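**Q** Shown below is the structure under consideration.
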Amino acid sequence: MRMMKKEGTIEKETPPMRTWMASERPRDKFREMGAASLTDAELLAIVIQNGNRERTALDIGRDLLLRSRNSLVDLGRLSIREIMKINGIGMAKAITISAALELGRRRLATESLQKPQIRGSRDIARHLQARFQDLPHEVFAVVFLNRANRILHTEVVSSGGITGTVADTRIILKKALEEDATGIILCHNHPSGSLKPSRADEELTAKIHDAARLFDIRVLDHLIVGSEGYFSFSDNGML
């Protein structure tokens, strides 16, 4: 093993991952035992790929989890700049980690839409929650449905700050007509985590509902999503 001198002392350099015992290398463990056998830190080490002179990729993965309170949910909310605060993670690695987490979110969102039709709030809420709950700012999205309540398209129509966003009724109805949608589901997230609708949420819902009715377009629901779940206007008799 190579040695390096540091401030008058002899210190061992962290060996690269390729010199570890096979049982300790995350990639080998993945190949031999499968993904389910790896810890969260080991999976992160594979994404990170390599460490630096002082720390292995596994060390960096463990530190990243510690910063996230050992929660993958909290890890998914870290910005690229926050990820880069971990020693050993630069811009390229931070972007790679963020991209991997986004793929996980999209897979979860896609899996939640295997049902052919939307029959109630639970059929769509998981998809919307997976997609928007981790955003640090508020967005307003619309799910466009055909006559059989099958999803045609989901689109973010407005993006705002931490405290709110403004949705334009004209833009929503224009897109609904372009999609030939006969029904829509409104959705926005609350970065604060609160699922209680505000007075402004109620007024906007009523405004869009009344305007859509003039075009024979049904507003089936308005969902507020957050890390703790969702709130359905329809389920609570507000539509």
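Each reported figure results from applying straightforward, stated rules to the coordinates on display, with no laboratory input. Here the structure is a predicted model, which is why all the values come from computation and not from measurement. In this analysis, Cβ positions are derived from the backbone assuming ideal geometry, glycine residues included, and neighbour counts consider all displayed protein chains.
**Q** Given the options Ser121, Ser98, Ser71, state which has the largest fluctuation in a GNM of the chain using a 10 Å cut-off (strictly under) for Cα springs.
**A** Largest GNM mean-square fluctuation: Ser71.
**Q** What order do you get for Val139, Val225 when you list them from fewest to most C-beta neighbours inside 10 Å?
**A** In increasing order of surrounding Cβ atoms, one gets Val139, Val225.
**Q** For the chain, what number of Lys pairs, 8 or more residues apart or on separate chains, have alpha-carbon atoms under 20 Å from each other?
**A** 4
**Q** Moving on. Pop a pseudo-label 7 angstrom from the Cα along the beta-carbon direction at both Val47 and Ser198 and give the gap in nm to one decimal.
**A** Going from the Val47 label point to the Ser198 one covers 3.2 nm.
**Q** Please arrange Arg105, Arg53, Arg199 by counting, for each residue, the other beta carbons lying within 10 Å of its beta carbon, fewest first. Numbers along the way, then the final one.
**A** Numbers: Arg105 15, Arg53 10, Arg199 7.
Ascending number of Cβ neighbours within 10 Å: Arg199, Arg53, Arg105.
**Q** Taking the chain as a Gaussian network, Cα atoms linked when under 10 Å apart, which of Ala212, Ala36, Ala181 shows the biggest mean-square fluctuation?
**A** Between Ala212, Ala36, Ala181, it is Ala36 that shows the largest mean-square fluctuation.
**Q** Where does region 116-232 land on Rg(C-alpha)/(2.2 N^0.38 Å)?
**A** My calculation over the Cα atoms of region 116-232 gives 0.97.
**Q** Could I ask something else about it? Exposure proxy check: Thr39, Thr205 ranked by fewest other beta carbons within 10 Å?
**A** With the sparsest Cβ surroundings first, the list reads Thr39, Thr205.
**Q** Is any helix in the chain, taking whole DSSP H runs, at least 24 angstrom long along its axis by alpha carbon and on average at least 0.0 on the Kyte-Doolittle scale, and which ones?
**A** 91-111
**Q** Work the Kirkwood hydrodynamic radius out for the chain: mean of 1/r over every pair of different alpha-carbon atoms, inverted, in Å.
**A** 20.6
**Q** If you don't mind, there's one more thing I want to ask. Between region 185-239 and region 144-161, what's the alpha-carbon centroid distance in Å?
**A** Spelled out, the Cα-based centre of one part sits 13 Å from the other.
**Q** Would you work out the relative contact order for region 116-232, in percent, from Cα pairs under 8 angstrom that are 6 or more residues apart?
**A** Relative contact order comes out at 30 percent.
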